[in-house]
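Okay, so here's the structure we're looking at.
Laboratory data are not the source of any read-out in this text; all were calculated from the coordinates shown. All values reported here derive from a predicted model rather than from experimental measurement. Cβ: placed from backbone, ideal geometry, glycine included. Neighbour counts: every protein chain shown.
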Amino acid sequence: MDIGALIGDIIAAPFICIGWIIVGAIAGAVARQIMGSRDQPFISDLILGLIGAVVGGFVASLLGLYRPDGGLGLVLVNLVIAIVGAIILIAIGRAIMGRRV
């Protein structure tokens, strides 16, 4: 076991979570704007973006899309995937509810 790598992972974990929160919030807000939905509280955009990231990641893996190894490219790709997933969620929600905004 590499103690240095373990300590590095523990130190990096909070920053990774903060990154997820930022990407999720941006993705949720952008998806709402694209879909023409009314404004929601920050936590709603955050949850929409985080769940959208899971849905978008699943769709991207089914399609075999390329994912960069790291850095800014990975963040941008993850952001786009999260936005697409959030848009899919909004569309499914509208189809189930039968309402348009």
Please list, ordered by first then second residue, the pairs with beta carbon atoms under 7 Å, 6 or more apart or interchain, first in the stretch 64-93 and at positive phi and touching a residue at least 24 places away in the same chain (Cβ under 8 Å), second part of a helix (DSSP H, G or I) and aromatic (F, W, Y). none
Any residue in the stretch 52-62 that is among the hydroxyl-bearing types (S, T, Y) and either touching a His at 6+ places or on another chain (Cβ under 8 Å) or surrounded by 14 or more Cβ atoms within 10 Å (Cβ to Cβ) (or both)? no
Among the residues in the stretch 59-76, are any within 9 Å of the chain's Cα centre (by Cα) and either basic (K, R) or more than 18 Å from C17 (Cβ to Cβ) (or both)? no
Report yes if D69 is among the charged types (D, E, K, R) and either in contact with a strand residue (DSSP E or B) (Cβ under 9 Å, 6 or more places away or on another chain) or crowded, with 19+ Cβ neighbours inside 10 Å (or both), otherwise no. no
Within the stretch 5-36, considering residues that are within 15 Å of I88 (Cα to Cα) and out of contact with any Gly (no Cβ under 9 Å at 6 or more places or on another chain), the one surrounded by the fewest Cβ atoms within 10 Å (Cβ to Cβ): G36
Do any residues in the stretch 5-24 that are more than 14 Å from G71 (Cα to Cα) have Cβ atoms under 8 Å from those of residues that are of a type in the set (D, E) and part of a helix (DSSP H, G or I), where the two are at least six apart or on different chains, and which pairs are they? G24/D45
